[in-house]
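The values are calculated or read from the model by the stated rules, or taken from the named source; none is laboratory data. None of these values were measured; they are calculated from a predicted model. Cβ placement follows ideal geometry from the backbone for every residue including glycine, while neighbour counts extend to all protein chains displayed.
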Amino acid sequence: MPLSILVFTAILWFAKKSNHAAQLGFAISASSIGFMLVFSPLMGGIALEAPMYQAMLWPPALIGLALSITATIPMARTRWSATQIIAAAAAIGIILVVGHWSGSVGLHKGQLLAVILVAIAAALVLARRPKYALHTALAAVCVLVAGGQLLQNSRGPLGLYYLSPYNWAFNSNPISEKLHTAVNTQEWLLANTEDSDTILTWVQGDWVNGDRELYVVAGMQLWGENRIGLFPELNADDLARLNSIKPNVIAMYGQSMPAIDAFMTGLPPQTQPTAPQCYDFTWPTPQIPVGHACLTTLTWDN
């Protein structure tokens, strides 16, 4: 959506280069996306909060859209007509309704839809009909904002915040239950460990291929280098890291106890892993009705 608005403001800037509002709208829209293109690679591991960072592009995009659209409206101070008020009310209503939509659109269909939305909006505002300039401006804003919400709402769950900045802001969703479960689980972990413990974390789920469901439960421990590995079993790099850090506790978050047991078989036997001490928690997804947080203690000779 922010990129679609950037293209739209660029079209208006090109059509009305002498208009200060069009210039400023394009500059704000472009600079916010430009900053994000630099900021995101530098930050690296922001996947857990990706929806929030992406949602932050909306305010400058909407400011840029509002400024640019004024370049198409005569500045004479006149009272709004009945049809203009109806058009504005209809636009607001459509935007609110679309904001609640929770369907899905494929990537290629979404890209095509974005192109169509920008083309329709540009055609509306560039049509030379001064009498209906405000009507067409309202229609263009409605098309872009409602269409942008539809595209954003159609994305799949991602990161710690899932769809909270989008359709989940209006619809019932499991995010509150998940975060409360995460807090309760971390409180259990704190109650069963000491301040002096060195803890590494393992979470069952194929991070590379997008299975990050239980990372929310362990999210409060994943800042920094606290994760032992990404895979169901320890590989050579993981074992080297384990031997380098020498943690005395491993915190494991599993979708099933067999998966936790399988992971523990890869721990070096000389560390004498203790039998796992576990805390079971309910999880609001059909795939993982019950999850398991477990602690095992390691003993190092040196």
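Worth a mention:
- Residue tally, condition assigned to a helix (DSSP H, G or I) and of a type outside the set (D, E, K, R), over the stretch 250-302: 10
- In summary, helices (runs of 4 or more DSSP H) completely within the stretch 1-109 and bearing 3 or more residues that are under 30 Å from Gly156 (Cα atoms) and touching a helix residue (DSSP H, G or I) at 6+ places or on another chain (Cβ under 7 Å) occur at 2-15, 20-43, 58-70, 82-99.
- Test: residue in the stretch 283-291 that is more than 23 Å from Val183 (Cα to Cα) and in contact with a helix residue (DSSP H, G or I) (Cβ under 8 Å, 6 or more places away or on another chain): no
- Members of the stretch 83-108 found to be within 21 Å of the chain's Cα centre (by Cα) and among the polar types (S, T, N, Q), listed by number: Ser102, Ser104
- Inspection of the stretch 61-74 identifies at least one residue that is surrounded by 13 or more Cβ atoms within 10 Å (Cβ to Cβ), modelled with pLDDT of 90 or more and farther than 23 Å from Ser18 by Cβ.
- Evaluation of Leu214 against the conditions (1) part of a helix (DSSP H, G or I); (2) among the hydrophobic types (A, V, I, L, M, F, W, C); (3) closer than 24 Å to Ile175 by Cα; (4) more than 23 Å from the chain's Cα centre (by Cα) shows that the sole unmet condition is (4).
- A single member of Met43, Met1, Met52 is within 30 Å of Gly219 (Cβ to Cβ), surrounded by fewer than 18 Cβ atoms within 10 Å (Cβ to Cβ) and touching a residue at least 12 places away in the same chain (Cβ under 8 Å), and it is Met52.
- Residue selected from the stretch 176-224 under the condition charged (D, E, K, R) and buried (at least 16 other Cβ atoms within 10 Å of the Cβ), by the criterion modelled with the lowest pLDDT: Arg212
- Residue pairs meeting the criteria (Cβ under 7 Å; at least 6 apart or on separate chains; first in the same structural domain as Arg155 (by TED's automatic domain parsing), in the stretch 107-129; second aromatic (Phe, Trp, Tyr)): Val118/Phe8; Ala121/Phe8; Ala122/Phe8
- Test: Ala262 is modelled with pLDDT of 90 or more and out of contact with any strand residue (DSSP E or B) (no Cβ under 8 Å at 6 or more places or on another chain): yes
- The one condition from (1) small (Gly, Ala, Ser); (2) crowded, with 16+ Cβ neighbours inside 10 Å; (3) more than 18 Å from Thr297 (Cα to Cα) that Gly229 does not meet is (3).
- Residue satisfying condition, being modelled with pLDDT of 85 or more and either part of a helix (DSSP H, G or I) or closer than 21 Å to Val216 by Cα (or both), within set Leu144, Leu158: Leu144
- Within the stretch 14-40, considering residues that are surrounded by 13 or more Cβ atoms within 10 Å (Cβ to Cβ) and under 25 Å from Glu225 (Cα atoms), the one modelled with the highest pLDDT: Met36
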